[in-house]
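The values are calculated or read from the model by the stated rules, or taken from the named source; none is laboratory data. Being a predicted model, the structure only gives us computed values, none of them experimental. All Cβ positions, even for glycine, are placed from backbone atoms using ideal geometry, and neighbour counts span all protein chains on display.
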Amino acid sequence: MTNGLKHLVDFERGLINRRIFSDPEIYRLELERIFARCWLYLGHESQFHEPGDFFTTYMGEDPVLVCLGPDRQIRALLNVCRHRGNRVCRLDQGNAKDFTCSYHGWTYSNEGKLVGVPYHKEYYFEELDKEKWGLIPVPRIEQYKGLIFGCLDAQAPPLVRYLGDMAWYLDLLVDRRDGGAELLEGAHKWVINANWKFAAENFVGDMYHAGMTHAAAVKSGFAGSQTKYSAGGAGFQISVANGHGIGVRWIEGGDAAVGSPSPEVAAYLKEMLPEMERRLGPVRAKMMSPVHGSVFPNFSFLNGSHTIRVWHPKGPEKIEVWAWCLVDRNAPPEVKAAIRLHYLRRFSPGGTWEQDDSDNWIQATETSRGATTRRFPLNYQMGRGHERIQEGLPGRVGDFFSENNQRNFYRRWAELLTGERRDGEEK
Amino acid sequence: MSSAAARELRPVEDEVLREVERFLYWEARLLDERRFHDWLELFSDDAHYWMPVRRERSLSAGTAEFADESGLAFFDEDKESLRSRVQRLDTGMAWAEEPPSRTRHLVTNIEVFQGDSPSQVLVFANFQVYRTRLETKQDFFLGSREDTLRKESGSWKIARRKILIDQTVLSADNLSIFF
């Protein structure tokens, strides 16, 4: 199997075998070699207020409970009872000191310790060593400026090394203002019957689709003011090590608020630009207008629409999307309110942009099953050989319309799937 | 949970109940027949159309099951944004609705109470919306609605619609239809 995998992604020629989008065996390997080894986004620190606060999520298909302990340490634990495997917590969020499994009543503290076993004395004869049967911890949990990531591989490099140059770009979302960023309350969650990679690769580097897929939104006033989704104009697709990528529109000495959703937000962006420039420097201050990107494998964002999201894999042909709205913590309430409306009217499942994406990914997934269709690879050749190194911009830089980032994403995917390279190793 | 729960609800006369029922069935038919511009005219100019997200919370969390007005919502629209959504469909390039969904809006359990003013009524109803599209795609949306209807120049208008959807994770890939 592993031998055959080498030929699925032809980085040099920009060709990808369609099998990788529907094959159950490849999906099983992805869970083991990608989702159980890469750093995965779990949540944001602003979801925690009091000790005992928790939320649940997934790492690949492993259910995870993320808790703020009595010591204010954030811990991630597999949300799976050690006795029979029931999920010990079925809630999305809440506050609890401990979690009691609804099957036989084993009880775990929010630090993961097994603290209660019914009939421990009478029928286990106190022979069960509770110390050994706590919830399985996610061995690594680290934050990047409020973004909480976990990793199921104890040997993985630190998060900052995994993110590498991507951290510099993530600052556009989480560090452009004093006080950082926070999430608005609630998440959008919905199911798309598509392979998770089609969504992740769209966000990592696909500006090309916007004018066509989202034509209706652009034509009917759901684009920001002056935003152009044609090939003209300066912008870049930038790929960095470990499969991450970002697309930025480059505003040279121009209007900082190009593409901003509303007059309130435009005014806000103009006002906060000097602060952003002071914090992030002149280069990144030119990247204020809409930006898209993905942290490999399944964490994506749209800066201009203020969404961050995770593409949870639920089988080779199913994604559960979890999306949030991320705002500058110090933005005034009326600006947060305007951003909230901008986001939910565009990039929630009912959003005027979002709704036109899913069919493309569903159809691309379904056609990947065809025995004959599969004999013909998908084309990832746009801008191949035209990537460059550009002073001041970490990573490999392609044009605004380029598949530079997708090629980088799949190259990393293939390296991990074939076991050729460990996480965090530099090229 | 409902804004009306705190005050005593007084049912309207049967005649008004029948009128409101007729109005809601008419509305459902307009949606199923894709007469979206006609549907828009059923809303008052100050209309608010809101579907908050729902979460898996413990029973004791009560109303916190739904995000509040400052939290996330599937829809939070005024008449202008609803109009933009309809105009978007008119472009012929709104691919999630091209070819269009086939929908069936079923409205049941209709209860009508006196509103805050003589010209207003408060309406509770359940809905089931079936949507099929593209050969075999099928979605079922169920939930309840809480509407404030207002009589304007002799016609009922929807002044406020709160849509409480039953799913926390939508099993549909989008909400390209109206409720």
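Observations
- Residue match in segment B:97-115 (condition: closer than 17 Å to B:Arg34 by Cβ and assigned to a helix (DSSP H, G or I)): yes
- So B:Ala61, is it assigned to a helix (DSSP H, G or I), facing another protein chain (nearest Cβ under 8 Å) and over 29 Å from A:Ala210 (Cα atoms): yes
- Taken together, the residues in segment A:160-183 that are in contact with a strand residue (DSSP E or B) (Cβ under 6 Å, 6 or more places away or on another chain) and within 14 Å of chain B (Cβ to nearest Cβ) amount to 1.
- Of all the numbered requirements in (1) of a type in the set (Gly, Ala, Ser); (2) within 14 Å of chain B (Cβ to nearest Cβ); (3) farther than 30 Å from A:Arg284 by Cα, A:Gly186 misses one, and that requirement is (3).
- Unique match (being touching a Ser or Thr at 6+ places or on another chain (Cβ under 9 Å) and of a type outside the set (Val, Ile, Thr)) among A:Gly385, A:Gly395, A:Gly370: A:Gly395
- Qualifying residue in segment A:348-355 (condition: β-branched (Val, Ile, Thr) and farther than 27 Å from A:Pro263 by Cβ): no
- A:Gly150 being outside any helix (DSSP H, G or I) and in the same structural domain as A:Asn330 (by TED's automatic domain parsing): no
- A:Ala331 falls short on exactly one of the conditions (1) among the hydrophobic types (A, V, I, L, M, F, W, C); (2) part of a loop (DSSP other than H, G, I, E, B); (3) away from chain B (no Cβ under 14 Å), and that condition is (3).
- Some residue of segment A:347-359 being more than 12 Å from chain B (Cβ to nearest Cβ) and part of a loop (DSSP other than H, G, I, E, B): no
- Within segment A:360-393, restricting attention to residues that are in a loop (DSSP other than H, G, I, E, B) and of a type in the set (Lys, Arg), the residue that is farthest from the other protein chains (Cβ to nearest Cβ) is A:Arg384.
- Top-ranked residue in segment B:148-179 [being more than 30 Å from A:Tyr58 (Cα to Cα) and among the hydroxyl-bearing types (Ser, Thr, Tyr); ranked as nearest to the other protein chains (Cβ to nearest Cβ)]: B:Thr148
- Failed criterion for A:Val204 (all others in (1) facing chain B (nearest Cβ under 9 Å); (2) in contact (Cβ under 8 Å) with a residue 24 or more places away in the chain; (3) among the hydrophobic types (A, V, I, L, M, F, W, C) hold): (1)
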